[in-house]
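Shown next, in structure tokens, is the structure this report addresses.
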Amino acid sequence: MSPLCVLALAALCAAGTRAVKVEQTELSITKVPGKTVRMSCVVSGVTFSDAFIHWYQQKPGQGLERLLSILSESDIFYEVGVDKNRFEVDKKAKFSTSTLTIHRVEIGDAATYYCGCWDTTAWIKYFGGGTKLVVTGGTVTPKAPEPIKFFPSSLEQEKQNTETYICLLKDFYPEIIRMHWKEEGSDKILESQQSEPLQVKDKYWQLSWLTVNKSSPGKIYRLIYKHEKTGRIAKEELFTAPASVPITTSTKASTTVENKSPCALATV
């Protein structure tokens, strides 16, 4: 089964009657060869002590390959060819957490690692979102995004009765980042758009934008994003809906930049 099918199955299962959740707390981890890396997953919705936890590796352009699985500290199963001296796993029932440790990291370990959990009551496997291990020669180090905010133009408000809020996250590394938008005071994730990461020298830029119907002045929207350098707590940028300004000939020049498409802004 292809990785996409596996992950699609996991998402479908997660929508079922059991609220099983597998959360991998690290989006990415950057290391130099020879160091030790630890990545973890937290499982809820199952009896953790009875659950099989599996760890998979997926290298670029390849399928998922299982490395090992664990039921308890005395029941650990390694796949053929996996180096037991470098790959280590544990399972802490008190915290419903499993941790994969890789000792003496090598360039060939660069991959995305997925945690999977068997729900033995229904024999369904659930997956986390993955943790990407980036192995570098030390010339590039992780860097947090620098946000630049763009607000709706008067032309858009008056002519289209919509508002587009744009955030450019620039100069970050590695390229793994997650973003979503919410309205202040609501936990509902709003429909939004994201560009593909654009590499600029040894860093990355990425756009996220939200288009909504014209809002009341003062309404607040939040862009929430998570990156390796933000840690386990996501960061957010606040966008306050502006008052509509009537269009006059004197504002024509200023709206030229304001109304660039989101994709065009990536080249600014």
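Quick one: is Leu71 at pLDDT below 85, surrounded by fewer than 19 Cβ atoms within 10 Å (Cβ to Cβ) and in the same structural domain as Cys117 (by TED's automatic domain parsing)? Judged against the criteria, Leu71 is not a match.
The combined condition, being in a helix (DSSP H, G or I) and either surrounded by 14 or more Cβ atoms within 10 Å (Cβ to Cβ) or in the same structural domain as Lys219 (by TED's automatic domain parsing) (or both), is not fulfilled by Leu169. Restricting attention to segment 19-66, and to residues there that are in a loop (DSSP other than H, G, I, E, B), among the hydrophobic types (A, V, I, L, M, F, W, C) and out of contact with any Lys or Arg (no Cβ under 7 Å at 6 or more places or on another chain), which single residue is nearest to Thr139 (Cα to Cα)? Only one residue fits best here, namely Val32. The condition (being touching a Lys or Arg at 6+ places or on another chain (Cβ under 7 Å) and of a type in the set (Val, Ile, Thr)) is satisfied by just one residue among Ile148, Ile166: Ile148.
Residues that are outside any strand (DSSP E or B) and either in contact with a Ser or Thr (Cβ under 7 Å, 6 or more places away or on another chain) or not assigned by TED's automatic domain parsing to the domain that holds Thr47 (or both) within segment 84-104 comprise Ala93, Ser96, His103, listed in sequence order. Considering the conditions (1) in a strand (DSSP E or B); (2) outside the structural domain of Met39 (by TED's automatic domain parsing), Thr141 is excluded by exactly one of them, (1). Of the residues making up segment 198-225, those that are over 21 Å from Lys159 (Cβ atoms) and outside any strand (DSSP E or B) are Lys201, Asp202, Gly218.
Annotation note: of Thr164, Thr112, the sole residue that is at pLDDT 90 or above, part of a strand (DSSP E or B) and more than 30 Å from Asn213 (Cα to Cα) is Thr112. A single entry from Thr131, Thr120 fulfils the requirement of being in the same structural domain as Thr101 (by TED's automatic domain parsing), at pLDDT below 95 and among the hydroxyl-bearing types (Ser, Thr, Tyr): Thr120. Going through segment 58-104 one residue at a time, which ones are at positive phi and more than 25 Å from the chain's Cα centre (by Cα)? Of everything in segment 58-104, those that are at positive phi and more than 25 Å from the chain's Cα centre (by Cα) turn out to be Gly81, Arg104. Tell me, which residue of segment 174-219 that is surrounded by fewer than 11 Cβ atoms within 10 Å (Cβ to Cβ) and of a type in the set (Gly, Ala, Ser) is nearest to Gly130 (Cα to Cα)? Filtering segment 174-219 for residues that are surrounded by fewer than 11 Cβ atoms within 10 Å (Cβ to Cβ) and of a type in the set (Gly, Ala, Ser), the one nearest to Gly130 (Cα to Cα) comes out as Ser186.
Just name the residue that is surrounded by the fewest Cβ atoms within 10 Å (Cβ to Cβ) out of those in segment 38-68 that are within 17 Å of Lys132 (Cα to Cα) and of a type in the set (A, V, I, L, M, F, W, C). Looking at the filtered set, the residue picked out is Val42.
Among the residues of segment 74-91, which ones are touching a helix residue (DSSP H, G or I) at 6+ places or on another chain (Cβ under 9 Å) and at pLDDT below 95? Correct list: Lys91 only.
The values are calculated or read from the model by the stated rules, or taken from the named source; none is laboratory data. These numbers come from a predicted model, not from an experiment. Quick reminder, even Gly has a Cβ in these numbers, built from the backbone with ideal geometry, and neighbours come from all protein chains shown.
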